[in-house]
Amino acid sequence: MSEYTVKVQQHKADAVEALKNQFKDISTYIFADYRGLSVEQISDLRAKLREQQAQLKVVKNRFAKIALKELDHPDVGDILNGPTAIALPTDEAGPVAKTLIDFAKDTSLEVKGGIVEGMVYDFTQVEAFSKLPTKLELISMLMSTMKAPVQNLALVLNAVPQKLVRTLQAVADKKQAEG
């Protein structure tokens, strides 16, 4: 039996290591085909993603597959075909997905799918994910829901003294009219 040794070129190993360093603190990845976009459109998309605390990274599919595998992410081999850019949100991923979906409506960008919190999503799932409320919107909804009973109780409790004041005012007006 002969032994085969595979010699990996150092620049390739370095490229995979650099991707692993960029991916290590990320839990959501959204993959897109950027074919047909002009440099100006890509720059515009990157600017929009920066506003969402995300970056757009053009990657070699093979290097990305290796880096994701070494970081124990699910296999996305089907998604990583053709020219691929990966959106890497460092904050909330929903607004990043929405930005990509909206940008794709007016350009040749094609959202392929993604990894969201360890689960592989196809385009339809990424699109549905993009429509979910943000963390801030959810907190706002929760606070308004929690505030409503307290607000109603305050209105009821405030109504008692107001009614008492009106009753006393009516009695005082009646006595003044009689006397």
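The values are calculated or read from the model by the stated rules, or taken from the named source; none is laboratory data. Every value quoted in this text rests on a predicted model; they were computed, and no experiment measured them. As a convention, Cβ positions derive from the backbone with ideal geometry for all residues, glycine included, and neighbour counts pool all protein chains shown. All accessible areas refer to the heavy atoms of the entire protein, side chains included, with ligands and DNA or RNA removed. Shrake-Rupley method; radii C 1.70, N 1.55, O 1.52, S 1.80 Å.
Restricting attention to the stretch 125-135, does a residue exist that is surrounded by 10 or more Cβ atoms within 10 Å (Cβ to Cβ), aliphatic (A, V, I, L, M) and modelled with pLDDT of 85 or more?
Within the stretch 125-135, the first condition is being surrounded by 10 or more Cβ atoms within 10 Å (Cβ to Cβ), and the residues that meet it are 125-135.
So of that shortlist, the ones also aliphatic (A, V, I, L, M) come out as 126, 128, 132.
If we keep only those that are modelled with pLDDT of 85 or more as well, we get 126, 128.
Checked the stretch 125-135: at least one residue is surrounded by 10 or more Cβ atoms within 10 Å (Cβ to Cβ), aliphatic (A, V, I, L, M) and modelled with pLDDT of 85 or more.
Scanning the stretch 53-69 for residues being free of Cβ contacts under 8 Å to residues at least 40 places away in the same chain and over 30 Å from L138 (Cβ atoms) gives a total of 5. If you go through the stretch 13-52 and keep only what is in contact with a strand residue (DSSP E or B) (Cβ under 8 Å, 6 or more places away or on another chain), in contact (Cβ under 8 Å) with a residue 60 or more places away in the chain, open to solvent by 20 Å² or more (accessible area, probe 1.4 Å) and assigned to a helix (DSSP H, G or I), you end up with just Q22. Does the stretch 86-100 contain at least one residue that is open to solvent by less than 80 Å² (accessible area, probe 1.4 Å), at pLDDT 90 or above and of a type in the set (S, T, Y)? Among the residues of the stretch 86-100, at least one is open to solvent by less than 80 Å² (accessible area, probe 1.4 Å), at pLDDT 90 or above and of a type in the set (S, T, Y), which makes the answer yes. Considering the conditions (1) over 18 Å from A54 (Cβ atoms); (2) open to solvent by 90 Å² or more (accessible area, probe 1.4 Å); (3) not charged (D, E, K, R), S108 is excluded by exactly one of them, (2). The residues of the stretch 55-74 that are open to solvent by 50 Å² or more (accessible area, probe 1.4 Å) and either under 20 Å from the mean Cα position of the chain (by Cα) or modelled with pLDDT under 90 (or both), listed by number, are Q55, K57, V58.
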